[in-house]
Each structure stands twice: as structure tokens, then as C-alpha cells.
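Below is one structure; the comments refer to it alone.
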């Protein structure tokens, strides 16, 4: 019974971390939007710099979005089936935090570039990154599938 509570608490913590990263991205975007709407971009008069930043942001997104998915998945696949549910979820949480951090980093980067240039293309890139982040939301079903949990473990988690 103690492990049941612990497993559910670990999963609640995973969701709390997910929401904290999400809130961080949104707060940063709102702050940047308010600054841009009041003062404009910092380097909006330099189209070459804006184009360079766009190339950097898109290139990083193209590389890091797949990396943000694949690295945690590799770590999740390495989680031993013999471990306790609590230990599996703890390692699962560590893998997901990597995904959340990489995705949030991309979102923050797109927001910083928006703040610098006031170019709405960075908002579209942020929306794509946010969509990936939302799709990556942890659920008990995803955890059970990713960790290949037994029926008993699924029941304990759900």
C-alpha cells in the first residue's frame, strides 16, 4: 500500500514539473509580448540579424525537437523491468525532465528572439514548440506504455 501511494505521488510530481515548465514558457512569452508591444524589438532595424536569428532558431528546433524525444525514449527503454514501480517512475521522471527542459529551452530561445526582433515568425515557432510540449504531456497511460508495466503495476499507477 505504501508503494501505491508513492507511485501515485511520483506521478503527481511528474505532472507538477510538467506544469511548472509549461507555466514558465507561458509567463516568459507573455512578458516578452508585453515588452514588444510597448517598446518594440531591440534590434528590429537590422533585417540581416533578424534573418540570422530565424535561421538559428529554426535550425535548433529541427535538431532539438527530435533529440528532446529520442534521448528520453532511449533512457526509458533502458529502465529494467525488474525494478520496483517506484524506482521505474523515478527514472521515468528523470527522462521526462530532460524532454521538458530541452523543449522549454527552445521555447525560451524563440521568445528571446521574438523579444529582440519583434518578428511574429518566432511566435509561430514558439507555437510549434508548445504544441510538441503539449503532445508530450505525461499521462498514466503513456507511462504504462513507455515502461511496459504489468497489469498489477498499471492498476497501482491508475
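Within 12 Å of the chain's Cα centre (by Cα) and either without any contact (Cβ under 8 Å) to a residue 12 or more places away in the chain or surrounded by 15 or more Cβ atoms within 10 Å (Cβ to Cβ) (or both): does that describe residue 97? Step through it out loud before you land on a result.
Numbers: within 12 Å of the chain's Cα centre (by Cα): yes; either without any contact (Cβ under 8 Å) to a residue 12 or more places away in the chain or surrounded by 15 or more Cβ atoms within 10 Å (Cβ to Cβ) (or both): yes.
In short, yes.
Which pairs have Cβ atoms under 7 Å, sit 6 or more apart or on different chains, and link a residue in the range 143-158 that is surrounded by fewer than 17 Cβ atoms within 10 Å (Cβ to Cβ) to one that is not in a helix (DSSP H, G or I)?
148/81
Test residue 116 against the criterion of being within 22 Å of the chain's Cα centre (by Cα) and either under 15 Å from residue 68 (Cα atoms) or in contact (Cβ under 8 Å) with a residue 24 or more places away in the chain (or both), and give yes or no. Steps first, please.
Values: within 22 Å of the chain's Cα centre (by Cα): no; either under 15 Å from residue 68 (Cα atoms) or in contact (Cβ under 8 Å) with a residue 24 or more places away in the chain (or both): yes.
When the stated conditions are applied, residue 116 does not pass them.
From 17, 30, grab the single residue that is in contact (Cβ under 8 Å) with a residue 12 or more places away in the chain and in a helix (DSSP H, G or I).
When all the criteria are applied, what remains is 17.
May I ask you to verify whether residue 85 is in contact with a helix residue (DSSP H, G or I) (Cβ under 6 Å, 6 or more places away or on another chain) and closer than 22 Å to residue 133 by Cα?
Details: in contact with a helix residue (DSSP H, G or I) (Cβ under 6 Å, 6 or more places away or on another chain): yes; closer than 22 Å to residue 133 by Cα: no.
Judged against the criteria, residue 85 is not a match.
Out of the range 34-55, which residues are under 16 Å from residue 125 (Cβ atoms) and without any contact (Cβ under 8 Å) to a residue 12 or more places away in the chain?
Result: 51, 52, 55.
Where a number appears in this text, it was derived from the coordinates with a stated rule and is not lab data. Keep in mind it's a predicted model, so treat the numbers as computed, not measured. Note that each Cβ is placed from the backbone with ideal geometry, even for glycine, and that neighbours are counted across all protein chains shown.
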